[in-house]
Amino acid sequence: MQEGSEKGFFIGIKGGNNDESHNHNDIGCPYVYLDGEPVVIDAGAGTYTIKTFSPERYDIWTMQSGWHSLPEINGFAQQAGVTFKSMDFKWGDDGGKAWASMNISGAYPSEAGIESYTRKISLDRFKENVRIEDDIKLYEIGGESLFHLLLNENPENAGPGIIEVKSGNKRVLIEYDSDLLQLGVEEKDLSADKKLYDSWGNTIYRLNFTPLVQSTCYYICFQICKFAGE
């Protein structure tokens, strides 16, 4: 949030296509840091094996979009290949607010039935918050849609629609619409992979948000802010 320093929030988002060097299926993946400490993470790649460079590469969980703070749409995750890509990238920064958005419908297979999907991430420097927003239109309901955020610290329920999580020595709140989404928390044990363990410790956490009513139109917003008084 302060250029040239680690102080405040930092945001990022992944564009491009799903056939880049060392590719993961992660178009539209957001990143959020506070004072140089991770909040919403990308787990990265685990220890390389023969499978990493084989046709079974995308059977590895770290390569899959569902483990990159991205949703499954109508039951479908993103797919690998140069044709699976982002489009219509836009960004702006007026000093008070910085943002970036892109159309990521093309990162999903046609079977997902996506008419349009805009993902946007923004940082409000005055309000000191971050928003991750999804605006999705589907041709039909063909399966379950499920939204994810990946964290490296254990989340705690702080009230309806509010999650508290640590970031270094700070506390961060993640707010969502509990009238729209039902939350589940999934733990991922990293102890068997030294590379991931060295980065994140023994466990990372995936927040799984299931819409209470499956729909052809979604507006999903996650707002991230510092705990009051910090």
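The values are calculated or read from the model by the stated rules, or taken from the named source; none is laboratory data. Source: prediction; values computed, not measured. Neighbour counts run over all protein chains shown; Cβ positions are idealised from the backbone, glycine included. Calculation scope for accessible area: heavy atoms of the full protein, side chains included, ligands and nucleic acids excluded. Shrake-Rupley method; radii C 1.70, N 1.55, O 1.52, S 1.80 Å.
Cross-link pairs exceeding 20 Å in C-alpha to C-alpha distance, out of K14/K226; K14/K166; K14/K120; K120/K166; K14/K51, comprise K14/K226; K14/K166; K120/K166; K14/K51.
Stretching E111 away from K194 to a fully extended chain increases their span by 26.2 nm, per 0.36 nm per residue minus the current alpha-carbon distance. Here the accessible area of the chain is 49 percent carbon and sulfur, with a 1.4 angstrom probe and all protein chains present. Distance from the C-alpha centroid of segment 31-87 to that of segment 176-230: 15 Å, rounded to the whole angstrom. Which log10 I(q)/I(0) values does segment 185-229 give at q = 0.20, 0.33 Å⁻¹ under the Debye formula, counting every alpha carbon as one identical point scatterer? Results for segment 185-229 at q = 0.20, 0.33 Å⁻¹ read -0.82, -1.13. Here the scattering of segment 126-184 is modelled by Debye summation over its C-alpha atoms, one equal scatterer each and no solvent; at q = 0.12 Å⁻¹ the log10 of I(q)/I(0) is -0.39.
Subtracting the Cα-Cα distance of K51 and D93 from their residue separation scaled by 0.36 nm leaves 10.9 nm.
Sorting 73-79, 184-190 by average packing, meaning the other beta carbons within 10 Å per residue, from highest down gives 73-79, 184-190.
The equivalent ellipsoid of segment 1-149 has semi-axes of 27, 20, 13 Å, largest first, where each one is the square root of 5 times an eigenvalue of the Cα gyration tensor. Computed from backbone phi with θ = phi - 60° and the Karplus coefficients 6.51, -1.76 and 1.60, the 3J(HN,Hα) list for segment 145-156 is 9, 8, 10, 10, 9, 10, 10, 9, 10, 5, x, 10 Hz; x is used for glycine and proline.
Phi-derived couplings, Karplus 6.51 cos²θ - 1.76 cosθ + 1.60 at θ = phi - 60°, listed residue by residue for segment 198-204: 5, 7, 10, x, 6, 9, 10 Hz, with x used for Gly and Pro. When only the Cβ of Lys, Arg, Asp and Glu is charged (+1, +1, -1, -1), the dipole of the chain relative to its Cα centre reaches about 360 debye. Here the 3J(HN,Hα) profile of segment 12-29, calculated from phi with Karplus coefficients 6.51, -1.76 and 1.60 at θ = phi - 60°, is x, 8, 9, x, x, 9, 9, 9, 8, 4, 6, 4, 10, 7, 9, 5, x, 5 Hz, Gly and Pro shown as x.
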